[in-house]
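Participant: Shown below is the structure under consideration.
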Amino acid sequence: AKEAGKGQYASYEPELDERANYDAQLGAELRLAMDRGDFRLLFQPVVRLPDGAPVGAEALIRWHHPQRGVIPPDEFIPAAERTGLIVPLGAWVLNEACRTAAGWLNDDHATNPWTVSVNISARQLREAGFSRRVSAALSAAGLPAERLMIEVTETAVFDSHAAANALREISALGVAIALDDFGTGHSSLGLLRKIPVNVLKVDKSFIDNITGSTAEATIATAMVSLANGLDLGVVAEGVESAAQARQLHLIGYRLSQGFHFARPLPAEEVRDLLVAETKR
Ligand code: C2E
Ligand code: CA
Ligand code: CA
Ligand code: CA
């Protein structure tokens, strides 16, 4: 009877049950990790085409687990979003990124307008008072709003008045807004009229096949034309080869990000790139 009961239980939404357990456990671990200070930010340069000169950097979180080593965000951000822990964790990311960038600015006696980008989850964006959190992070760090860019996905903004309002408030502060993974979410070009957007980040899945006569190449070309027409910046994500970089430049891309140019790097290394660049 016990066996049968188990079997029945297992066939009754086993995934949901496992996920709840998984989230509860991971949630507890994430809380501990936040208290211990086990999170770090890496920064991946965003570069100009064709020369690869850095023009900014995207903050990417890593979890330095005492037993399991470095854990990438794909393995804990989804659970942090489901448990709501992304709100305090995301606030830490925002503050840490602003503080780090303010340090770079302090070392930088030139005036190149580099920016630091921070990924923001739907949950954070829809939380009441999010724009106040952003302006508080800027003032606490002493970072001018123009140096910050936030990255949100189409899906995070789709169908949410709260998110759209938060973006308007953030934009009014002078912070730039990028649509991340562009083309993969609840894509609606109408969204571009409803929310303030400064930059489109074209998803890696469109860049992978850019050198062939593929549907992706056609779409990536249309996206650069869309961005130019709307007077938006456009960044090609996930550029892994010189051939891709050449092709992107050829079809009009002026900004890119990817392992071909640089992997996510520790803050000190990115500071050297940005500051050295601006002193040239
Ligand atoms: P994303 O925002 O699309 O960030 C780009 C991801 O692509 C990063 O992975 C980066 O390391 C990777 N990448 C960059 N260039 C290349 C390339 O040429 N080839 C390949 N194969 N990958 C490349 P990462 O750091 O593992 O982050 C994964 C995702 O986790 C991010 O995707 C973002 O959605 C999320 N994430 C990272 N940090 C944060 C954070 O602080 N807050 C939130 N809410 N999400 C974050
Ligand atoms: Ca991003
Ligand atoms: Ca992306
Ligand atoms: Ca992504």
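Participant: Can you pull the one-decimal nm distance between simple spin-label points at ASP272 and LEU16, each 7 Å off the Cα toward Cβ?
Facilitator: In this crude label model, ASP272 to LEU16 measures out at 5.3 nm.
Participant: What share of Cα pairs, in percent, lie more than 17 angstrom apart in the stretch 13-155? Kindly include the intermediate steps, with their values, before the conclusion.
Facilitator: Working: 6540 of 10153 pairs.
Percentage above 17 Å: 64.
Participant: Moving on to the next point. Treat every Asp and Glu Cβ in the chain as -1 and every Lys and Arg Cβ as +1, leave all other atoms uncharged, and give the resulting dipole magnitude about the Cα centre to the nearest 20 debye.
Facilitator: On the way: 27 positive and 35 negative charges, 109 e Å.
For this selection, approximately 520 debye.
Participant: With everything on Cα atoms, drop me the angle between helix 130-141 and the longest principal axis of the chain, reported from 0 to 90° to the nearest 10.
Facilitator: For 130-141 against the chain, the angle is about 60 degrees.
Participant: Continuing with the same structure: Against the empirical 2.2 N^0.38 Å scaling, what ratio does the C-alpha Rg of the chain come to? List each step's numbers first, then the result.
Facilitator: Working: Rg = 20.3 Å, N = 280, 2.2 N^0.38 = 18.7 Å.
This ratio for the chain stands at 1.08.
Participant: From the P(r) of the stretch 67-223, can you give the percent of Cα pairs sitting at distances over 23 Å?
Facilitator: Within the stretch 67-223, distances greater than 23 Å cover 44 percent of Cα pairs.
Participant: Using a basic spin-label model with each label point 7 Å from the Cα along Cα→Cβ, how many nm lie between SER225 and GLN25?
Facilitator: 5.2
Participant: Whole Å is fine, so just give me how far the alpha carbon centre of the stretch 164-236 lies from that of the stretch 252-267.
Facilitator: 17
Participant: Something else: Sorted from largest down, what three extents in whole angstroms do the Cα atoms of the stretch 142-280 have along their principal axes?
Facilitator: 41, 40, 24
Participant: Can I ask one more? Stretched out fully, how many nm does the piece from HIS249 to GLU146 gain, at 0.36 nm a residue minus the Cα gap? Don't skip to the answer; put the middle values down first.
Facilitator: On the way: separation 103, 0.36 × 103 = 37.08 nm, distance 2.62 nm.
This chain segment gains 34.5 nm when fully extended.
Participant: How large is the Rg to Rh ratio of the stretch 98-137 when both quantities use alpha carbon positions and Rh follows Kirkwood?
Facilitator: On the way: Rg = 13.2 Å, Rh = 12.1 Å.
Here Rg/Rh amounts to 1.09.
Participant: By how many nm would the segment from HIS64 to HIS161 grow when fully extended, if each residue of separation counts as 0.36 nm and the alpha-carbon distance is taken off? Don't jump to the answer; show the numbers that get you there.
Facilitator: Numbers: separation 97, 0.36 × 97 = 34.92 nm, distance 3.59 nm.
Using 0.36 nm per residue and subtracting the Cα-Cα distance, I get 31.3 nm.
Participant: Sticking with this one: Given the options ILE86, GLY212, ALA136, identify the residue whose Cα lies farthest towards the positive end of the charge dipole of the chain (+1 on Cβ of Lys, Arg; -1 on Cβ of Asp, Glu).
Facilitator: ALA136
Participant: Would you calculate a helix-derived [θ] at 222 nm for the chain, using -39,500 (n - 2.57) for each DSSP H run of n ≥ 4 and dividing by the full residue count, to the nearest 500? Could you put the intermediate results ahead of the total?
Facilitator: Values: 13 runs with 140 residues, N = 280.
About -15000 deg cm²/dmol.
Participant: Taking every DSSP beta bridge that has both residues in the chain, what percent is antiparallel when rounded to the nearest 5? Let's see the in-between values first.
Facilitator: Numbers: 15 of 37 bridges.
Taking every DSSP beta bridge with both residues in the chain, the antiparallel ones total about 40 percent.
Only the coordinates and a few stated rules stand behind these numbers; no lab work does. Bear in mind that the values here come from a model prediction, so they are computed numbers and not experimental data. Because the Cβ atoms are built from the backbone with ideal geometry, glycine has one as well, and the counts that use them run over all protein chains shown.
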